[in-house]
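Quick notes on the structure that follows.
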Amino acid sequence: MARWRLRSKVEFRSESLTTLLRCEKTLLDYSQIANPKRHLDLSQSDSRKLFPYYAGFSSAFVESTLDSICLPAGAKIFDPWNGSGTTTTAAFKRGFDVVGSDLNPAMILVAKAAFVSKLDIESLVPIAHSIAKKNITLSIANPTDPLCNWLEKNTAQIIRKLEISINRILISPSSYLQLHSTEALQKVTPLAAFFYLALFKVMRQLTQTFVASNPTWIKTSKSNETKIAATKKFINELFIKEVELLSFQHMQVALQHEKRTNNVELLLSNAENLPLECGSVDAIITSPPYCTRIDYAIATYVELATLGIGGESFSNLRRSLTGSSTVSSVHSEIKEQWGEECGTFLNALQKHPSKASSTYYLKNHLQYFESLYKSLSEASRVMRTGAPCVLVVQNSYYKEIRNDIAKIIIEMANSISLKLTHQADFSASRSMVDLNKNSKKYISNRSTIESVIFLAKEPSI
Ligand SMILES: C[S@@+](CC[C@H](N)C(=O)[O-])C[C@H]1O[C@@H](n2cnc3c(N)ncnc32)[C@H](O)[C@@H]1O
């Protein structure tokens, strides 16, 4: 069990369960559901998010959803694609037990950093000074360090020393612990995660000239001449400045842990194979990876490199993430359980005359739907009967063919004991469709809709 878990599990009494089920049938109120889009949310708490994740939804949305699903304190809220942790943070603040999982180790640290206690804030800057001052000896600069994708090797070594320093001071004093596994990440406290987050921000500052016009994509440096060089003094000052800024931001929203009795668990795991027991979750609020060619590994390339994840381990992670633009060698085929809408979409895509439609694009979409279906089945398995599952999804287009992901998910859900109870659609003004200039030549008037889908777990037959 992670050291920073706050308390033993709140036991669910059977009367609470009865309340839950009663709420389910009579009290669901969808009228207050906020628009999930983060940039439209003007609430104080969101403007102070520690890590503005492109793929994130708003805290206001999670809060309004929690209001609508009416669960008693102590119920367990789960997000299988937790990202920056909007669901886990907002639900924890409301007194729920929370579990968030994500396959990306960098996002586990980002989500964990939000749990730094208000009581620790005054110590953050002094600790940052100690981290910067610690003497770390590294024999020679490592030219294969993934940080060298953007930084010249001595600059990369300065960042690496800071990273080792955080690791040795706050996680593993005896020997450096690579944060690539579930077990290692469980040893990371929110305090340690907070300093990793500050280092991620330093790296984002140093590499900003490599960010492409699509903000989720970052180029790497093609030659030593274009690599970034900076002094130790400059980098240490930047690190302390980031800690000061993050501390100030966090002060407004930090949690007062001493009053709390609920649990938080953040797990490194694949949504296709969850380390949770059947029927152990009371509600899911989540947003699956979009089928809009956001490459979640590239979107966090810099943060992963800061953790020393590059080369083959980066490629492996990239291939495992749902929605990846890579294509695996294991090929899928259209499955009946995915439903009629999915079949119709994939058949139209396969017949499209444009280049690689029947090869790369078909394989890539098959891979996406295969992973989505497996993940939804897992979500259904871990939910208790009657539990709500709230999904935020965005439609997209393959050329002019509409990929109605909301409809596809609703049909998929039907075959795994999840039934639609409500759907709310919002216009999404910023989407990957808008960002992809090439897509405009196929259709000029595409509408991008963000849908909030409410499903409920039915008893299995
Ligand atoms: C749309 S984002 C979620 C954003 C989140 N709602 C927030 O507010 O930050 C989807 C997340 O799914 C994660 N992901 C992609 N494939 C996954 C998989 N197979 N298993 C677990 N997580 C995965 C990505 O790393 C990404 O953080």
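The values are calculated or read from the model by the stated rules, or taken from the named source; none is laboratory data. If you're wondering where the values come from, they're calculated on a predicted model, not measured in any experiment. Every residue, glycine among them, receives a Cβ derived from its backbone with ideal geometry; neighbour counts consider all protein chains shown.
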In the range 264-296, what residues are under 12 Å from Gly100 (Cβ atoms), more than 12 Å from the ligand (Cβ to nearest atom) and assigned to a loop (DSSP other than H, G, I, E, B)?
Leu276
Residues that are assigned to a strand (DSSP E or B) and away from the ligand (no atom under 16 Å from the Cβ): does the range 371-394 have at least one?
yes
Which of the residues that make up the range 303-355 are of a type in the set (Val, Ile, Thr) and either without any contact (Cβ under 8 Å) to a residue 24 or more places away in the chain or closer than 30 Å to Gln208 by Cα (or both)?
Thr306, Ile309, Thr322, Thr326, Val327, Val330, Thr344
Yes/no for Leu179 being touching a Pro at 6+ places or on another chain (Cβ under 8 Å) and in the same structural domain as Ala230 (by TED's automatic domain parsing)
yes
Helices (runs of 4 or more DSSP H) wholly in the range 58-142 with at least 3 residues that are more than 13 Å from the ligand (Cβ to nearest atom) and within 30 Å of Gly386 (Cα to Cα) - which ones?
59-69
Being more than 16 Å from the ligand (Cβ to nearest atom), on the phi < 0 side of the Ramachandran plot, in a loop (DSSP other than H, G, I, E, B) and not assigned by TED's automatic domain parsing to the domain that holds Thr88 narrows it down to one residue among Lys222, Lys233, Lys241; which is it?
Lys222
Residue among Leu274, Leu199, Leu267 that is farther than 30 Å from Ala413 by Cα and either modelled with pLDDT of 95 or more or buried (at least 19 other Cβ atoms within 10 Å of the Cβ) (or both):
Leu199
Just to check your reading of the model, which residue among Val188, Val253 is within 30 Å of Ser371 (Cα to Cα) and either in contact with a Phe, Trp or Tyr (Cβ under 6 Å, 6 or more places away or on another chain) or not charged (D, E, K, R) (or both)?
Val188
